[in-house]
Amino acid sequence: MGIVIRQSIKSTVWAYVGVALGTITTLWLYPKFLTPAQLGLTTGVLLSLASILSQIAMLGTGNSSFYFVAHFNHQQKQPKFFGYLIKISLAGMALVTLLYIGFKPLFIKWYNEKSALFLDYYWLVIPFTICVVFYNSIEAYTRAQKDIVFTNFTREVMLRLLNIAALILFAFHFISFRFFVWLFVMSYGFIFLMLVINNRNKSFFKIDFKSNFDEIISKGEIFRYGFFNVLAGSAWTIANSIDSLMLAGYSLSDAGVYRLAFFICSVVQMPQRTITQILLPLLGEHWKENNLQKIDELYKKSSLQLIIASGFLVMILFINIDTFLGQLPVAYRAAKWVVVLMCFSKLIDMATSINGEIIQTSKFYKFNLYLIVALLFFTIVANYFLIPIYGLLGAAIATTLTNVFFNVVKYLYVYFKFHLQPFTRETALVLSLTILIGTLCFFIPALKYWWLDIAIRTFAASVLFGLSLTLLKISPEINQLIQKAFHKISPRKN
């Protein structure tokens with residue numbers, strides 16, 4: 001776990017700088033300067049569609065980078081593998097462009113009545129998708145080389161700074177809303193260029209489009225793996241975006257409020273993204289060696305770290321949610337119960353840790369496809385029936401039910417197929433501490449100034465949580481981090 005700890009610390013620094021910037025953007029700039037309908041358009045529809053189409057366009061090359069990278073350690077073969085992945089992505093991009101053009105009548109039918117604003121920006125989805133595909137392809141290959149720090153900086157920090165700059169320009173009427181949307185889209189193209197510039201002199205970042213590496217592994221095997229993963233990845237992305245898209249068909253404003261709740265809850269999942277990005281190539285190596293003991297160690301350690309991190313973040317959100325939303329325009333305050341439900345589902349996702357990644361990198365990776373297709377069907381059906389009845393809350397209920405179902409099935413599959421499970425007695429202890437400390441801090445009397453109220457509750461919860469972890473010695477890795485932090489801030493003796 002040495003490489004995990006070193007890179008995760010560096011990446012987590014950028015991740016939480018991104019959290020701070022994301023908090024500013026989400027809780028102040030977006031609600032202050034964008035109407036719910038404008039927010040629903042940019043993040044609820046345009047971003048969701050670009051995410052879905054880019055996942056299809058990559059044709060599984062992102063997962064192929066992690067799964068097959070261990071086979072291409074020889075520097076003469078790496079450029080050929082990289083070139084092959086790029087060619088597949090370009091072909092996929094051409095395919096989804098044709099599909100998007102062909103499906104325009106269906107989009108018009110769904111959005112024309114209540115969300116016609118989207119149709120004014122319909123063609124902008126194509127350049128948006130191209131930017132996302134280029135960025136995601138390079139990012140996945142870079143992460144597969146265990147080089148994740150700068151990629152985290154571009155996605156978590158640089159992208160948010162660009163969005164903040166665009167919002168400020170729009171807020172002070174230097175640009176129109178249409179131009180703001182263009183800047184929002186092209187920010188992905190900018191971080192792609194920054195990633196290319198950063199990697200240009202690295203040994204792994206060379207491209208050779210002559211894909212003659214069949215003596216190592218056949219292109220057919222890579223394509224088959226990518227084909228199953230593109231189906232699984234596309235179904236997964238659709239399942240995670242369809243709620244916003246379906247909700248937007250009834251109301252762009254509700255979609256905007258829903259996306260606000262989604263942004264707030266995304267803070268909870270940041271530690272999982274960082275750890276997963278590091279563990280994917282390690283899992284690929286351990287499966288190649290058939291080392292179940294190492295996989296079990298990664299499974300348990302990552303689960304404990306994630307339940308500590310997510311439990312803490314959910315607790316902070318829970319004790320401050322009323323104060324958070326109380327500072328927003330009235331139209332956005334309906335996000336409260338959406339946040340509560342989605343945080344609950346994300347907590348389950350974090351607790352079950354890397355179960356999906358274990359399946360994805362194993363020889364049983366096809367099971368992911370069958371499960372995700374079932375998840376997609378369940379998600380569409382749940383949203384179709386619940387949104388017309390409960391609106392915004394219906395989308396949140398549907399998302400929570402499908403996420404719980406999905407994670408329970410993955411957990412059971414890994415348990416019965418590989419005899420692995422992530423939980424220990426420390427898991428129950430962390431959850432108990434989180435509930436106890438959260439309840440105590442929730443009932444702290446409200447203060448007059450909202451910023452002071454948030455600061456006091458967060459400080460009290462953080463100190464109690466940190467002390468409990470340290471005294472009970474729940475996680476050696478967390479204890480080391482807390483002790484290092486304490487030594488840095490404590491006064492030095494002469």
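Readers should treat all values here as calculations from the given coordinates under stated rules, not as data from a laboratory. Small disclaimer: the values here were computed from a predicted structure and weren't measured. As a convention, Cβ positions derive from the backbone with ideal geometry for all residues, glycine included, and neighbour counts pool all protein chains shown.
For the chain, the membrane-span-like helix rule (DSSP H, alpha carbon extent of at least 24 Å along the helix axis, mean Kyte-Doolittle at least -1.0) picks out 2-24, 78-102, 125-144, 177-199, 219-250, 252-288, 292-326, 366-390, 392-418, 425-442, 450-472; this says nothing about an actual membrane. Once the C-beta distance of Lys363 and Asp322 is scaled by a Förster radius of 41 Å, the resulting FRET efficiency is 0.25 to the nearest 0.05. Were the residues from Lys336 through Arg273 laid out at 0.36 nm apart, the gain over their Cα-Cα distance would be 20.3 nm.
What is the percent of Cα-Cα separations in the chain that go past 43 Å? Here the long-distance tail beyond 43 Å is 14 percent of all Cα pairs in the chain. By the equivalent-ellipsoid construction on the alpha carbon gyration tensor, the stretch 251-481 comes out with semi-axes of 32, 26, 12 Å, ordered largest to smallest. Potential lengthening of the chain between Lys473 and Met194 amounts to 96.3 nm, from the contour at 0.36 nm per residue minus the alpha-carbon distance. Working from label points 7 Å from Cα in the Cα-to-Cβ sense, the Asn112 to Leu429 distance is 6.3 nm. Working from label points 7 Å from Cα in the Cα-to-Cβ sense, the Ser176 to Ala460 distance is 5.1 nm. The stretch 423-463 and the stretch 90-165 have Cα centres spaced 37 Å apart.
Relative contact order of the chain: 21 percent, from C-alpha pairs under 8 Å at least 6 residues apart in sequence. The packing ranking, built from the mean of other Cβ atoms within 10 Å per residue, places the peptides 150-160, 133-143 in the order 133-143, 150-160, highest first. For the set Lys32/Lys336; Lys288/Lys366; Lys202/Lys288, the pairs lying more than 21 angstrom apart at their alpha carbons are Lys202/Lys288.
When each of the peptides 236-243, 354-361, 444-451 is scored by how many other beta carbons lie within 10 Å of its residues on average, the order from highest to lowest is 354-361, 236-243, 444-451.
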